[in-house]
Amino acid sequence: MAVEIILIAGLWLDASAWRDVVPELEKWGHRVTPLTLPGQGDGQVTATFADQRAAVISAVDAAKGKPLVVGHSAACTLAWIAADARPEKVAATVLIGGFPSDDAELYADFFEMRNGEMLFPGWQQFEGPDSADLDAETRAQMTAAAIPIPEAVARGVVQLEDPRRFDVPTLCAVPGIFTRAGNGMGQIWRCSRAG
């Protein structure tokens, strides 16, 4: 059964991050839309988090059916926002290598800003199970292609409003020891309503 799939790459990446994935999914008959987000490869250095949110929701609205929305790393938040904004339209979300930010949190204010941008901080920040399978050549290619993130994207405030997002099936695919930091300890992100 063909599925419509929207792919959202994480920080510093554009739609080309999915170049090896798209043909594999298309072989199975799926319709795949990899997104280049505003401010991440389209030349919009003044892009905001609201612009990225709008681009994702627009892609969901443009889908012919109910798409599967895949978010990678920090963009897991954008996939979750799609489920929040269009719970009746999103078939499911897949969160790869990360967890969504909570309501009222900053989207991705993880690293130092320089001249209004968050540059790729280098691989030492990602050592461990999240990057263990990347060889030196792949790391060098990704570093060379890294796109600075506009400050107005990284420091945008997440707004989640519709509790029906919890009704959207969600798969979390993260390294075994990857947990969301909290209170100096690890805490597993909850993608279901408290009972």
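The values are calculated or read from the model by the stated rules, or taken from the named source; none is laboratory data. Computed from a predicted model, the values in this text were never measured in an experiment. So basically every Cβ, Gly included, is an ideal-geometry build from the backbone, and we count neighbours across all protein chains shown.
Data for the structure
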quantity: Exclusive hit being modelled with pLDDT under 95 and within 14 Å of the chain's Cα centre (by Cα), set Gly122, Gly98, Gly71, Gly128; calculated: Gly98
quantity: Residues within the range 16-46 that are hydrophobic (A, V, I, L, M, F, W, C) and closer than 16 Å to Ala146 by Cβ, tallied; calculated: 4
quantity: Candidates Phe166, Phe126, Phe99, filtered to the one that is free of Cβ contacts under 8 Å to residues at least 40 places away in the same chain, within 28 Å of Glu4 (Cβ to Cβ) and not β-branched (Val, Ile, Thr); calculated: Phe166
quantity: Qualifying residue in the range 29-43 (condition: in a loop (DSSP other than H, G, I, E, B), small (Gly, Ala, Ser), on the phi < 0 side of the Ramachandran plot and touching a residue at least 40 places away in the same chain (Cβ under 8 Å)); calculated: no
quantity: Within the range 119-178, tally of residues that are surrounded by 14 or more Cβ atoms within 10 Å (Cβ to Cβ) and either part of a strand (DSSP E or B) or small (Gly, Ala, Ser) (or both); calculated: 10
quantity: Residue match in the range 77-97 (condition: surrounded by fewer than 22 Cβ atoms within 10 Å (Cβ to Cβ) and farther than 20 Å from Thr170 by Cβ); calculated: no
